[in-house]
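Taken together, the values in this text are just the output of simple stated rules run on the coordinates, not laboratory data. Just so we're clear, the structure is a prediction, and the values are computed from it rather than from any experiment. Glycine gets a Cβ as well: all are built from the backbone with ideal geometry, and neighbour counts include every protein chain shown.
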């Protein structure tokens with residue numbers, strides 16, 4: 001069974017809509033927020049955390065943040081997984097991609113070795129980042145509208 005078959009058509013549309021809206025929101029604020037100033041470059045972990053909070057607000061479960069892996073070029077990266085489906089809104093920082101990615105695991109994603117996967121606890125993420133990212137909760141709220 002394909003990973004994408006685990007989701008209804010409506011859920012897949014919502015997953016894509018949220019990813020696009022989050023990406024567009026971060027592109028708009030990148031010059032106003034120091035952690036996203038070079039978005040998508042160097043913003044993958046922050047973006048994955050932010051996206052995780054948004055998806056939990058839409059009642060998606062089994063969300064994991066995948067991070068700390070390194071590829072053969074010693075590059076690190078992070079992305080989100082829902083039921084093993086990858087949602088990667090910052091992959092375009094790499095030459096192999098020119099847009100966000102939503103789908104099953106790719107050879108490129110698998111090239112990041114020794115990744116860590118953590119289950120999302122939105123309360124802990126929100127508390128952590130709201131102290132570090134100015135207007136973090138405002139960013140989340142603007143995406144949820």
Simple spin-label estimate for residue 24/residue 138, 7 Å along Cα→Cβ, in nm, reads 2.1 nm
Classified through the alpha carbon gyration tensor (a ≥ b ≥ c as square roots of its eigenvalues; rounded if a/c is under 1.5, else prolate when a/b is larger than b/c, else oblate), the stretch 1-119 comes out oblate
With R₀ set to 22 angstrom, the calculated FRET efficiency between the beta-carbons of residue 14 and residue 73, to the nearest 0.05, is 0.05
Taking a crude spin-label model, label points 7 Å out from Cα along the C-beta direction, the residue 57 to residue 98 distance in nm is 3.2 nm
Honestly the stretch 66-106 on the Cα gyration tensor test (a ≥ b ≥ c root eigenvalues; a/c under 1.5 rounded, otherwise a/b vs b/c for prolate or oblate) is just oblate
